[in-house]
Amino acid sequence: MEVLVHVIAWCYFFLSPLLFRHSNEVPDWANFFRYIVIPLGTFFVFYLNYFVLVPKLLLVDKRKIKMFIVCNLLMALVMAFGFEMFIHFIMPPIDPNSAGDAMDLLPGMEGGGHGRGEVNNHIAKRMHRMGHPHGHHPPKGILPLYGFVRNSVTMLGFAIAAVCIRLSLRWHQSELAFQKSEAARAEIEAAHQKSEAARADAELKVLQHQVSPHFLLNCLNNIYSLISFDTKQAQNSLVELSRILRYQLYESNSKQVLLSKEIEFLQNYISLMRIRLSDNTEVTTDFSYDESKHLLIAPNILISLVENAFKHGVSPTDKSFVRIVLNADDNQISLCCENSNYPKNPNVDKSGGGLGLQQVAQMLELNYKGKYEWKRGVSEDGNVYTSNIIITL
């Protein structure tokens, strides 16, 4: 396409003297070929800049700009001088008195109804337009200043045109390269996001599979402690455990579950914990939510807080308490667990080592990054531990 544009533009430029003439005017082929050196010179200047000077000097090193300007000035001056020498001394204007010799140069003027007088008149008109009304040569050694300046400016104009076209092409190419790089960057970013999503999903699945064994281990520890002194209660505990495991196997493998199912799971777990508690421990729960709204939540996040409350909030001898309050609406879910603070001795207790709370933090980041608050800590007197999670839906 670029080549076709160049061909059309130069054909139009070379043939313009023949195109812009009166319809009844005979083409002046002699002067056409005499002045053809100027289009040829501009052609040379344009493509010398287009293919050599601009890409090799102007676009390569800013320090070569002066060299580029000097080359074009010298070339314009030399070629303008050469044009004037060629037109006025090498191929001087045709003498109208020798019209017979010009007959062969003028197509359509030989015979066929055109007389010599008509040829003389035609050539005389041409000479008058050229500034030589009598067809005489200009005085030897005198170079017409106007033609020299005009041709110099023309050469420089075509050099500037070559620079502009080259720069526009380079800008267009850089724009295309930028668009391609942006498209490639977008593809890389999309692939990165996809891989991050896959990694997060895989990490979440690993965490979910870790929660089940950790949770099961705590439950089995509780049941084991019952078997030695209350077999009936141990059996009831196994029934509650079977319900809990059914939920873990068939419900909690999804990315989100109904909040009502998760609360039912928490209630079953609390019932299991109540079995082994003594009268010294007070357990209160308050689950406030609208089951008809079918709210969704990521599974196994809340259970670790409840586990932690029973693990560190119950004393076998002293008075203790566990309070669990859950509130949910269309905008957020909050769970607050408060318990008396009886931290386990890490050298004695080997049931979890804080793994459950670590998993809660990871799952919150994976499922609700930037959409949750988790405040936890011990009261100033050291008697009460509070853990409060607020999840924005």
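The values are calculated or read from the model by the stated rules, or taken from the named source; none is laboratory data. Quick caveat: nothing in here was measured; it's all calculated off a predicted structure. Cβ atoms come from the backbone with ideal geometry, glycine included; neighbour counts cover every protein chain shown.
Tabulated values for the structure
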read-out: Answer from Val26, Val52, Val60, Val45 - the residue that is in the same structural domain as Val163 (by TED's automatic domain parsing), under 16 Å from Cys164 (Cα atoms) and not in a helix (DSSP H, G or I); value: Val60
read-out: Any hit, the range 264-272, residues being under 27 Å from Thr317 (Cβ atoms) and surrounded by fewer than 19 Cβ atoms within 10 Å (Cβ to Cβ); value: yes
read-out: Residue in the range 249-259 that is among the basic types (Lys, Arg), over 17 Å from Leu295 (Cα atoms) and out of contact with any helix residue (DSSP H, G or I) (no Cβ under 6 Å at 6 or more places or on another chain) present; value: no
read-out: Number of positions in the range 316-350 that are polar (S, T, N, Q), modelled with pLDDT under 85 and closer than 17 Å to Tyr385 by Cβ; value: 1
read-out: Subset of the range 255-299 [within 42 Å of the chain's Cα centre (by Cα) and in a helix (DSSP H, G or I)]; value: Leu259, Glu262, Lys293
read-out: So Asp330, is it in contact (Cβ under 8 Å) with a residue 40 or more places away in the chain, surrounded by fewer than 19 Cβ atoms within 10 Å (Cβ to Cβ) and in a strand (DSSP E or B); value: no
read-out: Some residue of the range 72-84 being part of a helix (DSSP H, G or I), within 20 Å of Ala159 (Cβ to Cβ) and within 43 Å of the chain's Cα centre (by Cα); value: yes
read-out: Identity of the residue in the range 357-379, free of Cβ contacts under 8 Å to residues at least 40 places away in the same chain and assigned to a helix (DSSP H, G or I), that ends up surrounded by the fewest Cβ atoms within 10 Å (Cβ to Cβ); value: Ala361
read-out: Residue within the range 188-201 that is at pLDDT 75 or above, part of a helix (DSSP H, G or I) and surrounded by 14 or more Cβ atoms within 10 Å (Cβ to Cβ) present; value: no
